[in-house]
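Read the structure below first, then the notes.
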Amino acid sequence: MNKKTLISLILISISIGLGSIFEAKSQAKKVDLANFPEGNLENRLITIQGNSVLAVSNHFNPEPKVIKKMKVVITGYSSTIWETDETPELTASGSVVREGIVANNGLSIGTKIKIPELYGDKIFVVEDRMNPRVGPYQVDVWFPDYFQAKNFGAKRTYIEILEG
């Protein structure tokens, strides 16, 4: 490679790098700290790369709103052939079973719920269905082990259906 080609490549690399910096700066949003909501401002600021401060709003991660409460029976299930169909590791939505998954026949797939009396603020997602003979007022919580599901038993409580 000759000297002119090498210099050209270096100049092109520098131009691309500077262009990226200017583009990133033009896309950055400015935060007016003077108009930041009152409260503990120290807990609402984060440092980026040690030299930039960013205001963080609670609006980015709001607490999900409860849109409905419903009395249900909560039971447990696990990924065993005698409790599921021929694909015990897959939910009705096509996802792999994991903690936080529930089955229900009355709520839409993807609905988020809480079971406050049993699990506090933990959020579950409806991603599975139950046997068609089971009505909409039963929720099955997935457990990784058959004995955990069996020992859970059946509990009468209520669920909170969350917005969005």
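The values are calculated or read from the model by the stated rules, or taken from the named source; none is laboratory data. Keep in mind that what you see is a predicted model, and the values were worked out from it rather than measured. Using ideal geometry, Cβ is built from the backbone for each residue, glycine included, and neighbour counts are taken over all protein chains shown.
Could you look through the range 136-148, keep only residues that are hydrophobic (A, V, I, L, M, F, W, C), in contact (Cβ under 8 Å) with a residue 40 or more places away in the chain and not in a loop (DSSP other than H, G, I, E, B), and pick out the one that is farthest from Asn105 (Cα to Cα)? I'd like the intermediate steps shown before the answer.
Taking the range 136-148 and keeping what is hydrophobic (A, V, I, L, M, F, W, C), we get 139, 141-143, 147.
From what's left, in contact (Cβ under 8 Å) with a residue 40 or more places away in the chain: 139, 141-143.
Next, from what is left, pick out any that are not in a loop (DSSP other than H, G, I, E, B): 139, 141-142.
On the way: Val139: 8, Val141: 13, Trp142: 15 Å.
If we take residues in the range 136-148 being hydrophobic (A, V, I, L, M, F, W, C), in contact (Cβ under 8 Å) with a residue 40 or more places away in the chain and not in a loop (DSSP other than H, G, I, E, B), then Trp142 is farthest from Asn105 (Cα to Cα).
Residue check, Ser78 against (1) more than 23 Å from Pro62 (Cα to Cα); (2) surrounded by fewer than 17 Cβ atoms within 10 Å (Cβ to Cβ), all met but one. Which one?
(2)
Does the range 73-103 hold any residues that are closer than 14 Å to Val134 by Cβ and touching a residue at least 12 places away in the same chain (Cβ under 8 Å), and which are they?
Once the filter is applied, which keeps residues that are closer than 14 Å to Val134 by Cβ and touching a residue at least 12 places away in the same chain (Cβ under 8 Å), the range 73-103 yields Val73, Ile74, Thr75, Gly76, Tyr77, Glu83, Ala92, Val102, Ala103.
Keeping to the range 122-135, report how many residues are modelled with pLDDT of 95 or more and either part of a loop (DSSP other than H, G, I, E, B) or basic (Lys, Arg) (or both).
Final tally of qualifying residues: 1.
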